[in-house]
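The values are calculated or read from the model by the stated rules, or taken from the named source; none is laboratory data. All figures in this text were calculated on a predicted structure; none of them were measured in a lab. Here the Cβ is made from the backbone with ideal geometry for all residues, glycine too, and neighbour counts use every protein chain on show. Just so you know, the surface numbers come from the protein's heavy atoms only, side chains and all, with ligands and any DNA or RNA stripped out. Shrake-Rupley method; radii C 1.70, N 1.55, O 1.52, S 1.80 Å.
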Amino acid sequence: MLPSFAAWRFVDAVDGFEVVYLEPGRLRGHTSAVEDGRAYAVTYEITLDDGWVVREASVTSDTVVGLRSVHLLSDGRGTWTVDGAPAPHLDGLVDVDLEASACTNTLPVHRLTMPVGEVVAASAVYVQASDLAVRRLDQTYRRLDDHRFAYTSEGGFEAVLDYDDTGLVVDYPGIAVRFA
């Protein structure tokens, strides 16, 4: 059973924190951070179906430039719209990965059956924190044991992510550490 909330401290390149409120079928979160001398605050709400497939995501970013928002809608089978416009560059994706969130790395862990040792592709709709640009992010997960997954994403990023019994990230090396 998921806790009613979770929180992470960002480490290394980003200084800040994330708080998310969890309920069946919905993640509602907030992130405040400073990265490369630039501050941002991101709020998000992600709606999931019973199989942990993202059906809708609303993301708002507040920076010195002002507020921006983006609304993503999915049919649950990999067809997306971004702010109401078709987004064929996202075809086939069912997860959302927010740059400003450690929590969104829980989606494929809950959604996919991952036997120990098997590498599973879990590419996602990626939303950047400061400008809310939306693009495809190619990534993989390999289950190492009941709580650890070897994670890779494009550009050569690799980390071993530790999860708790509820499937939430506890330690995302170089990115975030859970403190509540």
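Here are a few things to note about the model shown:
- Selection of the range 1-23 for residues being part of a loop (DSSP other than H, G, I, E, B) and aliphatic (A, V, I, L, M) yields Met1, Leu2, Val11, Ala13.
- Every pair of residues 6+ apart whose Cβ atoms lie under 9 Å, when the first sits in the range 107-129 and is within 12 Å of Ala150 (Cα to Cα) and in contact (Cβ under 8 Å) with a residue 24 or more places away in the chain while the second is open to solvent by 30 Å² or more (accessible area, probe 1.4 Å) and part of a loop (DSSP other than H, G, I, E, B): Val109/Trp52; Val116/Leu144; Val116/Asp145; Val116/Asp146; Gly117/Leu144
- The set of residues in the range 93-136 that are closer than 24 Å to Arg26 by Cβ, in a loop (DSSP other than H, G, I, E, B) and of a type in the set (D, E, K, R) contains only Glu99.
- Total residues in the range 48-75, condition in contact (Cβ under 8 Å) with a residue 12 or more places away in the chain, under 19 Å from Asp131 (Cα atoms) and not acidic (Asp, Glu): 13
- Residues in the range 29-47 include none that are within 11 Å of Asp131 (Cα to Cα), basic (Lys, Arg) and out of contact with any Gly (no Cβ under 9 Å at 6 or more places or on another chain).
- Considered as a group, the residues in the range 157-180 that are closer than 18 Å to Thr31 by Cβ and of a type in the set (Phe, Trp, Tyr) include one that is modelled with the lowest pLDDT, and that residue is Phe179.
Okay, residues lined up against (1) farther than 23 Å from Ala122 by Cβ; (2) crowded, with 17+ Cβ neighbours inside 10 Å:
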{"position": "Val20", "(1), (2)": "no, yes"}
{"position": "Leu27", "(1), (2)": "no, yes"}
{"position": "His30", "(1), (2)": "yes, yes"}
{"position": "Tyr40", "(1), (2)": "yes, yes"}
{"position": "Asp49", "(1), (2)": "no, no"}
{"position": "Val54", "(1), (2)": "no, yes"}
{"position": "Val59", "(1), (2)": "no, yes"}
{"position": "Arg68", "(1), (2)": "yes, no"}
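- Selection from the range 145-166 of residues that are open to solvent by 50 Å² or more (accessible area, probe 1.4 Å) and in contact (Cβ under 8 Å) with a residue 24 or more places away in the chain: Asp145
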